[in-house]
Amino acid sequence: MSASDTHRTVETVWRMEAPRLIAGLVRLTRDIGRAEELAQDALVAALKQWPEEGVPRNPAAWLMQVGKHRALDAARREAMARRKQEELGRDLEDDGPSMPDLDAALDDEVGDDLLRLIFTACHPVLSQESRVALTLRLIGGLTTEEIARAFLVPEPTMAQRIVRAKKTLSDARVPYEVPAGAELGERLASVLEVVYLIFNEGYAATSGDDWVRPALCEEALRLGRIIAARAPQEPEVHGLVALMELQASRLRARTGPNGEPILLLDQNRARWDRLLIGRGLAALEQAQRLAGASPGPYLLQAALAACHARARTAEETDWARIAALYAVLSRVAPSPIVELNRAVAVAMAEGPAAGLELVEALAAEPALKRYHLLPSVRGDLLSKLGRHREAAEAFEQAVALTGNVKEQALMAERAVKARAAAG
């Protein structure tokens, strides 16, 4: 294998194994920043040794062994307490000398380690932006540059955000654990919120040149599946996984050949991923069994997505059921955005005039003042009612509010069409 091939292998292994490696090292060091440094040391060692000695039979176990040895060396150099040295030494001895045995030992706890790391990265002591950034860095395996590009901020800004987040966790002495009891419910809500924020930024990017970023959706789905495997009795976890699976099933149909947006009712449903739909519906069933008569917001949103997934054509969509589900969601998790979505469903079920009445009632909502989808929905309903001049003005307002280039182009095109129809 050539040196360049070996380097590509190292990069691939790192991308796949970095979260597990960091999670395992955090378990030993109880310090996220230190664990990440040790993981990077292991990566540097691989880049140096593998081209000369060949790729080991078990690359992931090799990286973990190097990271653990570096941790022990650092403990000795820094004259850490004898107890800590003995703990690290025992851990190394328990892993045994052979790579397969070490890997088996790691696999015994790797899921728990990842779950602990997710809960730590999403601790409420951090701001929402910091939780998202740190989660993508540690568990998603994205580089600082990739995270900065995804959220359209300068790389130094994102680097500082991540450094501050790790320092905040260290200063607050946040325990590396999955909380129990009432705290689990509180922390789980924070974790699920972060995962869904990551997914949504991939599903409908708020700004930039691309309308969808599938890599972010994939990372969020992977995190959701990890959490569901480790918290199997939590209905909202399965509800979120179901929601993301069902929405992700449409990704291939959401854009045209040049990346232009294709709205839901115009999508070629033959391009929807039936495997993801099947997985999503199965997760929804599990969530419904666990929730019983008390569905949470993620479960309800998954049920809404399922209505679209089950419709073979746009015309077969059960808009009356969707409107009813939105009414329930507005009681469980009230928000102006939920009401806006309910207005769309009501318009489809009862006619554009009924939907427009609900939309107009939302015009004074402070939370929607700069939300581009409010004038976008309003423009669509005005067009259907033949009020084309007003529709054009609404679409132009949407253009000014959205930061996504592809969505700006779509709204601008609709504004031009409405102006033409107005004569």
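Rounded to the nearest 20, the Cβ-based charge dipole of the stretch 127-182 about its Cα centre (Lys and Arg +1, Asp and Glu -1) stands at 140 debye. For the residue pairs 48/68; 167/369; 166/406; 384/406, the alpha carbons lie more than 27 Å apart in 167/369; 166/406. Semi-axes of the equivalent ellipsoid of the stretch 185-262 are 26, 12, 8 Å, computed as sqrt(5λ) over the eigenvalues of the C-alpha gyration tensor in descending order. Between residue 357 and residue 159, the C-beta separation translates, for a Förster distance of 35 Å, into a calculated FRET efficiency of about 0.10. Sorted ascending by nearby beta carbons within 10 Å, beginning with the fewest, 326, 371 become 371, 326.
3J(HN,Hα) couplings calculated from phi for the stretch 126-135 with the Karplus curve 6.51 cos²θ - 1.76 cosθ + 1.60 (θ = phi - 60°) are, in sequence order, 8, 5, 4, 4, 5, 4, 4, 4, 5, 5 Hz; Gly and Pro show x. Between the helical axis of 373-384 and the longest alpha-carbon principal axis of the chain there is an angle of about 30 degrees.
Working from Cα pairs under 8 Å separated by at least six residues, relative contact order for the chain is 10 percent.
Measuring nothing but alpha carbons in the stretch 237-308 and taking Rh as the Kirkwood radius, the Rg to Rh ratio lands at 1.05. Judged by the gyration tensor of its Cα atoms, with axes a ≥ b ≥ c, the stretch 120-168 is prolate; a/c meets the 1.5 cut and a/b is the larger of a/b and b/c.
Ranked for footprinting exposure by Cβ neighbours inside 10 Å, fewest first, 217, 122, 307 give 307, 217, 122. Just from its helices, what would the mean residue ellipticity at 222 nm be for the chain, if runs of 4 or more DSSP H residues each count -39500 (n - 2.57) and the sum is divided by every residue, rounded to the nearest 500 deg cm²/dmol? It comes out at -24500 deg cm²/dmol, rounded to the nearest 500.
Considering only the Cα atoms of the chain, their convex hull presents on average a projected area of 23.5 nm².
Fewest neighbouring Cβ atoms within 10 Å first, the residues 68, 167 line up as 167, 68.
Every read-out reported here was derived from the displayed coordinates using simple, explicitly stated rules and does not represent laboratory data. The model shown is predicted, which means the values in this text are computed figures rather than measured ones. Positions of Cβ are generated from backbone atoms using ideal geometry, with glycine treated the same way; all protein chains shown enter the neighbour counts.
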